Amino acid sequence: AVPRTRILATGGASHNKKILQVLSDVFNAPVYTIDTANSACLGSAYRAIHGLVAETNVSLADVVKLAPEPKLAVTPTAGAEEV
């Protein structure tokens, strides 16, 4: 089954598996990361591209399809939702 919630972690802390595991356990959701140096700039670039093609009715979702695929980093620890 596909989880309804997933977390996408970016930035410096996304390289720390212990922090990612805490996020996963607290939200009871898998955590994914994207291998990019500056996620804020990447997001801004996608919005800029979307703005440039706005007159063609291309959706932001279609623009972002070109983004690198997030990789699964951690999953919730069994029983964490009970804590």
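The residue that is nearest to Ala13 (Cα to Cα), among those in the stretch 57-83 that are open to solvent by 90 Å² or more (accessible area, probe 1.4 Å) and of a type outside the set (A, V, I, L, M), is Lys71. Residue count for the stretch 1-18, restricted to those that are open to solvent by 80 Å² or more (accessible area, probe 1.4 Å), under 13 Å from Thr75 (Cα atoms) and touching a strand residue (DSSP E or B) at 6+ places or on another chain (Cβ under 9 Å): 3. Annotation: of all residues in the stretch 23-46 being open to solvent by 90 Å² or more (accessible area, probe 1.4 Å) and either acidic (Asp, Glu) or modelled with pLDDT of 85 or more (or both), the one that is nearest to the chain's Cα centre (by Cα) is Asp35. Cβ separations smaller than 7 Å between residues 6+ apart or across chains give the following pairs from the stretch 35-46 residues that are polar (S, T, N, Q) to residues that are in a helix (DSSP H, G or I): Thr36/Leu42.
Looking across the stretch 43-83, not a single residue is in contact with a Pro (Cβ under 9 Å, 6 or more places away or on another chain) and more than 21 Å from Arg4 (Cβ to Cβ).
The values are calculated or read from the model by the stated rules, or taken from the named source; none is laboratory data. Quick caveat: nothing in here was measured; it's all calculated off a predicted structure. All Cβ positions, glycine included, derive from the backbone under ideal geometry; neighbour counts span all protein chains shown. Surface accessibility is based on the protein's heavy atoms, side chains included, excluding ligands, DNA and RNA. Shrake-Rupley method; radii C 1.70, N 1.55, O 1.52, S 1.80 Å.
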